[in-house]
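Only one structure is covered here, and it is reproduced in the block below.
The values are calculated or read from the model by the stated rules, or taken from the named source; none is laboratory data. Here the structure is a predicted model, which means the values were calculated and not measured. Cβ: placed from backbone, ideal geometry, glycine included. Neighbour counts: every protein chain shown. Side chains included, ligands, DNA and RNA excluded: accessible areas come from the protein's heavy atoms. Shrake-Rupley method; radii C 1.70, N 1.55, O 1.52, S 1.80 Å.
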Amino acid sequence: FSTFAHSKKLYEKKPCKRFVLYYHNILFNGTNAANATSAATTNNTGLGNFNHGMLVIFDDPITKDNHLLSPPVARAQGFYFYDMKTTYNAWFSYTLIFNSTEHKGTLNIMGADMMNEETRDLSVVGGTGDFFMARGIATFRTDVAQGDYYFRLEMDIKLYECY
Amino acid sequence: FSTFAHSKKLYEKKPCKRFVLYYHNILFNGTNAANATSAATTNNTGLGNFNHGMLVIFDDPITKDNHLLSPPVARAQGFYFYDMKTTYNAWFSYTLIFNSTEHKGTLNIMGADMMNEETRDLSVVGGTGDFFMARGIATFRTDVAQGDYYFRLEMDIKLYECY
Amino acid sequence: FSTFAHSKKLYEKKPCKRFVLYYHNILFNGTNAANATSAATTNNTGLGNFNHGMLVIFDDPITKDNHLLSPPVARAQGFYFYDMKTTYNAWFSYTLIFNSTEHKGTLNIMGADMMNEETRDLSVVGGTGDFFMARGIATFRTDVAQGDYYFRLEMDIKLYECY
């Protein structure tokens, strides 16, 4: 009855829940407080020329399509930082917060965002509310990047453990 | 034998282990080093008026009742930061470290602390020692908040996966 | 069929996958950019004399033996910070990134690094690619520490949930 300490054999890896979302990040530049959704709380460290060490704290809108002004269906709260000296590369840890008629609850996500890859997988490590105890994979794809100041990620959230 | 890729149907959500703990945070203000249990390692970013971007690193005592001076039953080591421009709102990631005759081991926890909600749920994403491989929910409730400098949270830890 | 809400009884705790790796951290000191693999993005907070609040962001090589110059088999990207006022003690959150013929995928890890303990256990909270949905324990042992500027950890990665 317990699969512990054994491999779970899977002939199909079908998510029990899946949704595609868009994450919009507008970085504070000192003058755009009305629109900004995030701000850097540390400067880069000077190790290389790719913002190494710049840590950004965000409260970003999440939409169902890729339009910044579509009604948000969730918020993403958390942080990312740049971590490589030879290229742009980031690391994320954050919470998706749903508070709508459709979904109430949170998903907690962490992992590396290897920005030079077409897609990259992070881990959904837990959930609450409607997503009680969920686990899965969040696949990032850069939808648009306008310098540091606006970027949009497609987040393809696939849950493989649902309760 | 594997529940993978299927919803786990639950008629009851009873924790396999539960305990209520109190977390005490005393912020370093430059002169209270003897008592302080945490300190801000970044200033706020200036995005709004609610400490956005202030990152606090802590090693906080955990007690069984809500008295600061009760004997600690664990430590909480980790960090939180404020992440909203329109209200006080935080995000936590930390480890509960137990090292007593009763419990030895750790629980790793992360999630959003929506301070304006009466209670908020974070994810217990892993455990070690007596809490080997545990998962569950940590429900926060603010017990007292004295400005930035002392606050106390009730943490209702419910484990739903125990080994 | 579901073990949810029950303790999983284990007579043996045998990992389904295990590997011992070495993590090499060379801290940027302002002049060693060619060799440095990490840099502090915040100063310490002045709470005690043990670097409390110093936050280091890394992209570190991972090798199979304890030689810095052995060919890396993975990268470790993430951060650690010092969190105690009375001794050196750290907290880690990071991703192991494998991209070789042997393994492709990531493992996401977080937990307390109680540096004064001979060994300490962190949680492997998720995985992707070859390590799809993995969970387990990462046991740290300090292999060598040369001040702040170079240290090497043995990471004994034991996965107990494999898919």
**Report entry** segment C:17-161 - charge dipole about Cα centre, Lys and Arg +1 at Cβ, Asp and Glu -1, debye rounded to 20
**Finding:** 180 debye
Report task. At 1.4 Å probe size, with no ligands or nucleic acids counted, give the accessible surface of B:Val144 in Å², nearest ten. Result -> 40 Å²
Query raised in the report: Rank C:His52, B:His67 by accessible area, highest first, at a 1.4 Å probe radius?
Result: B:His67, C:His52
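How high is the relative contact order of segment A:79-136, in percent, with contacts defined as C-alpha pairs under 8 Å that are six or more residues apart?
For segment A:79-136, the relative contact order is 26 percent.
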Query raised in the report: In terms of the ratio Rg/(2.2 N^0.38 Å) built on C-alpha atoms, what value belongs to segment B:17-161?
Result: 1.02
Query raised in the report: When the gyration tensor of the protein assembly as shown is built from Cα positions, what are the square roots of 5 times its three eigenvalues, in whole Å, from largest to smallest?
Result: 28, 26, 26
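Near A:Thr87, within a Cβ-to-Cβ distance under 14 Å, what is the net charge of the other residues, with Lys and Arg +1 and Asp and Glu -1?
Around A:Thr87, the charge tally is -1.
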Query raised in the report: Short version: what are the Cα gyration tensor semi-axes of segment A:81-150, square root of 5 times each eigenvalue, largest first, in whole Å?
Result: 26, 14, 10
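Taking only C-alpha pairs under 8 Å that are 6+ residues apart, what is the relative contact order of chain A in percent?
21 percent
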Report summary line: Check: in chain C the Lys pairs 8 or more apart or on separate chains whose Cα atoms fall under 16 Å apart number 7
